[in-house]
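Since every read-out is calculated from the coordinates, none of them should be taken as a lab result. If you're wondering where the values come from, they're calculated on a predicted model, not measured in any experiment. For neighbour counting, all protein chains shown are included, and Cβ atoms are generated from backbone atoms with ideal geometry for every residue, glycine included.
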């Protein structure tokens, strides 16, 4: 078994890294165009400058120190804007970037440290997906679904190829739910708390866990004249309180750094939850800016169908998480809604596992690799922050 492990992990590395490296090649070698799609001349600087990578480098180098941010970086942003970018991903950038800088100097440093952090996070996420999906499908289908998860949808492949906390966030949620279903609540709580410290929607995981634990007792509460249901409640799940505790702890950090316990909520035009729902179809919203939005309806459709199928198949924790996340998504007013929905992607795969392993779907997705690649290339070429001076980021 130990002899087979390196081979299996090597295959997992290839599944994770080759799609990203294929996207990087035109930039690294400064190829002018791919199938007519222009590639910027800035090389890997284009990849590094993709939103919101440079902002996480700012946090990695300052850890929310207001004076350092103002003195070292020239982005026209209020300093509290950085409170919306949570610290665990930047902390990993700091560790890896500091190591690279110590060995290679500024030739690599924090910019490549950020990209390597994303690559490592992606490997972790895809490894966790493989472990999780292997519990629910035939052994012969695990590798195919893992490969598919590595490249589809294109927006997922894109965030796995730039400075982005999403691969880390999705991987931590996968790990947390994996151990929650095994009733190893302490490990689930640790991964959940780390997910919370990676991105703000981590709190939705705690809400989903609360519902998954409480709802099975609703009938008992209604039919019982006593409090017998209290004894049968899963009280040993109390370590899950680490998730909201970690969020409160971060807010205390913000009190120290920004002198504002609620700095996250005061981070400016950065929280895109609006009432009533479906405000994304208001094309006048600053983060929408277009009326070409019909595909958003299909995003809602697939997430809602996935939640229904998960409930039908008794996958309670993923179903609760997908449902809670879906409810939050319909209040998000941002053109990049697919990126916001990525945390439920593994559970969409779980819900549609039977359909995704059919021969017809395999042929179709192999065909779709070409448009996925071209769309990703075009997106990376244009989703770029203006950085006039790279020296503070090295």
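So the values come out like this:
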| item | result |
| --- | --- |
| Convex hull projection area averaged over all views, the range 252-394, Cα basis, nm² | 12.9 |
| Spin-label model distance (nm) - residue 255 vs residue 44, 7 Å beyond Cα toward Cβ | 4.2 |
| Cα gyration tensor of the range 34-90 - equivalent ellipsoid semi-axes, whole Å, descending | 28, 12, 10 |
| Overall Cα dimensions of the chain - principal axes, largest extent first, Å | 70, 56, 52 |
| In range of the label at residue 364: residues from the range 258-300 whose backbone nitrogen is under 19 Å from the point 7 Å along Cα→Cβ | 295-300 |
| Three principal axis lengths of the range 1-142 [C-alpha, angstrom, descending] | 55, 38, 31 |
| Highest-fluctuation residue, 183, 362, 314 considered, GNM on the chain with Cα pairs under 10 Å | 314 |
| 315, 334 arranged by Cβ crowding within 10 Å, fewest neighbours leading | 334, 315 |
| Cβ crowding within 10 Å averaged over residues, with 62-72, 302-312, 80-90 ranked highest first | 80-90, 302-312, 62-72 |
| Ascending count of other beta-carbon atoms within 10 Å, so fewest first, for 44, 320, 35 | 35, 44, 320 |
| Exposure proxy ranking, count of Cβ atoms within 10 Å, fewest first, for 98, 286, 176, 16 | 286, 98, 16, 176 |
| Alpha-carbon gyration tensor eigenvalues x 5, square-rooted, for the range 272-351, Å | 25, 11, 9 |
| Distance in nm between pseudo-label sites at residue 290 and residue 120 (7 Å out along the Cβ direction from Cα) | 3.5 |
| Paramagnetic label zone (point 7 Å from Cα along Cα-to-C-beta, residue 74; backbone N under 13 Å) in the range 101-116 | none |
| Volume of the Cα convex hull of the range 104-176, divided per residue and given in Å³ | 92 |
| Full-extension gain in nm, residue 103 to residue 265, via 0.36 nm per residue minus C-alpha separation | 54.4 nm |
| FRET efficiency for residue 134 and residue 304, using Cβ-Cβ distance with R0 set to 25 Å, rounded to 0.05 | 0.45 |
